[in-house]
Protein chains: 2
Amino acid sequence: MPKLRVESFTISLDGFGAGPDQDLNNPLGIGGTALHGWAIPTKTFQKNLFGNDSGETGVDEDFAARGFQNVGAWILGRNMFGPVRGPWPDESWRGWWGDNPVYHVPVFVLTHHARPPLVMEGGTTFHFVTEGPVVALERARAAAGGKDVRVGGGVNTIQQYLRLGLIDEMHIAISPVLLGDGERLFEGVDLTALGYTCMQHVASAQATHIVLTKQ
Amino acid sequence: MPKLRVESFTISLDGFGAGPDQDLNNPLGIGGTALHGWAIPTKTFQKNLFGNDSGETGVDEDFAARGFQNVGAWILGRNMFGPVRGPWPDESWRGWWGDNPVYHVPVFVLTHHARPPLVMEGGTTFHFVTEGPVVALERARAAAGGKDVRVGGGVNTIQQYLRLGLIDEMHIAISPVLLGDGERLFEGVDLTALGYTCMQHVASAQATHIVLTKQ
């Protein structure tokens, strides 16, 4: 049975998945970029984000790499797709990731505002889903061709799927930074009551990696 | 200048310093004992809690040991001293720690209900302070003889001192367990605005240790 997975989602020591005041210049909120100190140097991120063939190996790379293994479709919250809020003023916003986004598979974007599918280079197509998270997951599963579906984020989107009991596995990285304020990943989500336990716990110099699995 | 320190205070992956439903049988709340998996086997805890001369060394022990170094007095919240709530019905409750508590220095217990000092074996005297956290700290500093003061907990007491900007240094252990509910250590405390940064980040198989310092 294909899984619904969260991978490489990073929170601060004080529990925030994004800093305060997210906008075009601070897509992860103020201070939020520091969260990804563990990920940026890895071979996987260097290759996927910058096209570099160098990059570090080790614990951080192992977790970065597994996030792209056996993933047939992604689900993103609308705020992760871009900073535009409310009805789409036009179709000029095409995501944060340039003409050839890192996904290379169908990506389903949760939004309250309809928009035609957006076909990008390299196999990524953004589909905009207005019927809520359950329908988005059905469509993602159908598009994934038997592979897993990965929920990219943000915090609110992950929380919706957690509360629906639909996420099978979560890799979370805890970065040694403080954000002070922002969106707390586990706010109002009782992971114990939902049946999650910590199955893996490995640290590098840059982050503590945990894998939570639903029983 | 002597410091006000938090040491060996443990939170879960979801940020809780104690589980739900604390009572006589579950002083750390349901599931809370699992938080201390890293600490119990250490040489320091085996010696201090059980009088054993065996016990593990390594990263966890290093952090357990530093918590007792240069500490001249402690401050505890009343709920950490015991499960009795409201006015003291009598003086029969003498703490969780037997006749010879682990402190061996003066301990100042924050409470709304006056009670005479309680002299225990081994150098520990519990003083009950009804005038609030600032007065408790003044008294603790005076009693500490130039050494540091350690805030033992619980969550509410640490939060009070954090919001007052009085804690100089915090060693927090993050245990690979989920509690789901309970008291969240960093709830309503903006560590960035208060001037804290993470100065140290070391993991063992049992916990991630962080040291936060106020600038």
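The values are calculated or read from the model by the stated rules, or taken from the named source; none is laboratory data. The model shown is predicted, which means the values in this text are computed figures rather than measured ones. With ideal geometry, Cβ positions are generated from the backbone for all residues, glycine too; neighbour counts draw on all protein chains shown. Only protein heavy atoms, including side chains, enter the accessible area calculation; ligands, DNA and RNA are left aside. Shrake-Rupley method; radii C 1.70, N 1.55, O 1.52, S 1.80 Å.
Placing +1 on the Cβ of every Lys and Arg and -1 on the Cβ of every Asp and Glu, with no other charges, gives chain B a dipole of roughly 520 debye about its Cα centre.
When the P(r) is computed for the stretch A:74-175, the part past 16 Å accounts for 56% of the Cα-Cα pairs. Take chain A, connect every pair of alpha-carbon atoms lying under 10 Å apart with a spring to form a Gaussian network, then pick out the residue of A:Asn25, A:Asn156, A:Asn79 with the largest mean-square fluctuation. Per the Cα network of chain A with a 10 Å cutoff, A:Asn25 tops the list.
When the dipole is taken about the Cα centre of the stretch A:53-123, and only Lys, Arg (+1) and Asp, Glu (-1) are charged at their Cβ, what size is it in debye, to the nearest 20?
Working: 5 positive and 9 negative charges, 109 e Å.
Dipole about the Cα centre, nearest 20: 520 debye.
Over the whole of B:189-197, what's the average partner chain Cβ count within 10 Å per residue? Rounded to a whole number, please.
Taking the mean over all residues of the peptide, I get 5.
Hydrodynamic radius of the protein assembly as shown by the Kirkwood approach over all distinct alpha-carbon pairs: 23.4 Å. Choose one answer from B:Met120, B:Met199, B:Met80: the residue with the largest mean-square fluctuation in a GNM of chain B with alpha-carbon springs under 10 Å. Sorting by GNM fluctuation, first place goes to B:Met199. Take A:Phe50: with every protein chain present and a 1.4 Å probe, its accessible area is about 120 Å². Counted over the protein assembly as shown, the DSSP beta bridges are approximately 45% antiparallel. Across the stretch A:17-26, coupling constants 3J(HN,Hα) worked out from phi with the 6.51/-1.76/1.60 Karplus curve, θ = phi - 60°, read x, 7, x, x, 6, 5, 7, 4, 7, 10 Hz, and Gly and Pro carry x. The residues neighbouring A:Val189, those whose beta-carbon lies less than 9 Å from its own, together hold a net charge of -2 under the Lys/Arg +1, Asp/Glu -1 convention. Averaged over the residues of A:2-14, the number of partner chain Cβ atoms lying within 10 Å of the residue Cβ comes to 2. From most to least packed by mean Cβ count within 10 Å, the peptides A:86-93, B:133-140, A:161-168 give B:133-140, A:161-168, A:86-93. Around the amide H of A:Phe108, modelled in the peptide plane, lie the amide H atoms of A:Trp74, A:Ile75, A:Leu76, A:His127, all under 5 Å away and 5 or more residues distant in sequence or on another chain.
Chain B contacts chain A over a buried accessible area of about 2000 Å², both sides summed; the probe is 1.4 Å and only protein chains count.
Summing Lys and Arg as +1 and Asp and Glu as -1 over all other residues whose Cβ lies under 11 Å from the Cβ of B:Leu28 gives a net charge of -3.
Take every DSSP beta bridge with both residues inside the stretch A:42-201 and express the antiparallel ones as a percent of the total, to the nearest 5. Each step should come with its number before you reach the end.
Details: 2 of 17 bridges.
That works out to approximately 10 percent antiparallel.
About its Cα centre, the protein assembly as shown has a charge dipole of approximately 140 debye under the convention of +1 per Lys or Arg Cβ and -1 per Asp or Glu Cβ, with nothing else charged. Which of the residues in the stretch A:164-185 show a loss of at least 20 Å² in accessible area from their chain by itself to the complete set of protein chains, at a probe of 1.4 Å? Correct list: A:Ile174, A:Pro176, A:Leu178, A:Gly180, A:Arg184. Note on the stretch A:1-127: antiparallel DSSP beta bridges, both residues inside, total approximately 20 percent of the bridges counted. Summarising the amide proton neighbourhood of B:Ser8: residues at separation of 5 or more, or on other chains, whose placed amide H is nearer than 5 Å comprise B:His171. Rolling a 1.4 Å probe over the heavy atoms of the protein chains gives chain A an accessible area of 42 Å² per residue. So if the hydrodynamic radius of the stretch B:1-149 is defined as the Kirkwood radius over C-alpha pairs, what does Stokes-Einstein give as its diffusion coefficient at 4 °C and 1.567 mPa s, in µm² per second? The Stokes-Einstein estimate is 79 µm²/s. Along the charge dipole of chain B, pointing to its positive end and built from +1/-1 on Cβ of Lys, Arg, Asp and Glu, which listed residue (B:Phe50, B:Gly29, B:Gly195) has its Cα farthest out? The listed residue farthest towards the positive side: B:Gly195.
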